[in-house]
Amino acid sequence: DAMVIQNPRYQVTQFGKPVTLSCSQTLNHNVMYWYQQKSSQAPKLLFHYYDKDFNNEADTPDNFQSRRPNTSFCFLDIRSPGLGDAAMYLCATSRGQGQGRSTDTQYFGPGTRLTVL
Amino acid sequence: RKEVEQDPGPFNVPEGATVAFNCTYSNSASQSFFWYRQDCRKEPKLLMSVYSSGNEDGRFTAQLNRASQYISLLIRDSKLSDSATYLCVVRPNDYKLSFGAGTTVTVRA
């Protein structure tokens, strides 16, 4: 059974039209992450939540926002998508607890591929 | 300088061959190290963690050299199913992971 679920798997939007990507998890993990990955590039962390605490990366554009209404769900909102925002968006989760924090494994969802027209 | 650097390849090898590649990382205080595998247009999946003493998982062997700040992955007896992009991943602190851009391996029949 899928543990980290992302919807939709493919999203097409128009330039400047807001879009929301969804992630849910059945692992009851404390930490949820959003990454952006462009073709042939490394996944780039946008932000993460530890429980309800939001942690934004310094170089994440203001155009990207996130919400985590409860433990299971996390959303990525792109307020005004540009052509350069076309990418795969990956959601990941990890336990984030205990002594094993430094070896905390991240589990990735299948990703949402965003196309901007 | 990128936090994690990898030779993008591709490494084209015949079935049954051994292939090895490295990555280097810039943050000497990095805590943990991993290799992830990513198939085309799919999500990264954890292949193995990398321990200071080196470790094996079947046909895969990972080594860590903290003094030189590099990590290696060796694949023995390559299978067609090993064709993928291998991402070198370093945890500089707490929850963050720093990914390399990946090394592409293609195993041919």
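Sum up the charges of everything whose Cβ sits under 10 Å from the Cβ of A:T71, counting Lys and Arg as +1 and Asp and Glu as -1, but leave A:T71 out. For residues surrounding A:T71, the net value is +1.
One way to sum up the overall shape of chain A is the equivalent ellipsoid from its Cα gyration tensor, whose semi-axes run 24, 14, 13 Å, largest first. Altogether, the Stokes-Einstein calculation at 20 °C and 1.002 mPa s, with the Kirkwood radius of region A:1-57 over Cα pairs as Rh, returns a diffusion coefficient of 161 µm²/s. Cα centroid distance between region B:1-20 and region A:1-54, in Å? Measuring centre to centre over Cα atoms gives 28 Å. Of all segments of chain A bounded by trypsin sites (Lys or Arg not before Pro) found in a DSSP loop with no more than 11 other C-beta atoms within 10 Å, the longest spans A:53-117. Measuring nothing but protein heavy atoms, the accessible surface of the protein assembly as shown at 1.4 Å probe radius is 46 percent carbon and sulfur.
With a/c under 1.5 counting as rounded, go ahead and sort region B:15-58 into rounded, prolate or oblate using the C-alpha gyration tensor (a ≥ b ≥ c being the square roots of the eigenvalues; past the cut-off, prolate if a/b is larger than b/c, else oblate). All intermediate terms of the calculation are to be shown ahead of the outcome.
Working: a/c = 1.82, a/b = 1.31, b/c = 1.39.
It comes out oblate by the Cα gyration axes.
If only the Cβ of Lys and Arg carry +1 and only the Cβ of Asp and Glu carry -1, the dipole of the protein assembly as shown around its Cα centre is close to 260 debye.
In percent, rounded to a whole number, the relative contact order of chain B is 38, using alpha-carbon pairs under 8 Å and six or more apart. Working note: Debye formula, equal point scatterers on the alpha-carbon atoms of the protein assembly as shown, no solvent; log10 I(q)/I(0) at q = 0.08, 0.10 Å⁻¹ is -0.29, -0.46. The Cα trace of region A:20-87 gives Rg and Dmax of 12.1, 35 Å, the first to one decimal, the second as a whole number. Sequentially through region B:96-102, phi angles give Karplus couplings (6.51, -1.76, 1.60; θ = phi - 60°) of 6, 10, 10, 9, x, 7, x Hz, Gly and Pro residues having no value and appearing as x.
The reciprocal of the average 1/r between distinct C-alpha atoms defines the Kirkwood hydrodynamic radius, which for region B:23-109 equals 13.4 Å. Cysteine residues of chain B whose C-beta has no other cysteine C-beta under 4.7 angstrom: B:C40. Placing unit charges on each Cβ (+1 for Lys and Arg, -1 for Asp and Glu) gives chain B a dipole about its Cα centre, and among B:S49, B:S98, B:Y25 the Cα reaching farthest toward its positive end belongs to B:S98.
The values are calculated or read from the model by the stated rules, or taken from the named source; none is laboratory data. On a predicted model such as this, the values are computed, not experimentally measured, just so you know. Don't worry about glycine lacking a Cβ; one is built from the backbone with ideal geometry, like all the others, and counts go over all protein chains shown. The area values use the complete protein model at the heavy-atom level, side chains included, leaving out ligands, DNA and RNA. Shrake-Rupley method; radii C 1.70, N 1.55, O 1.52, S 1.80 Å.
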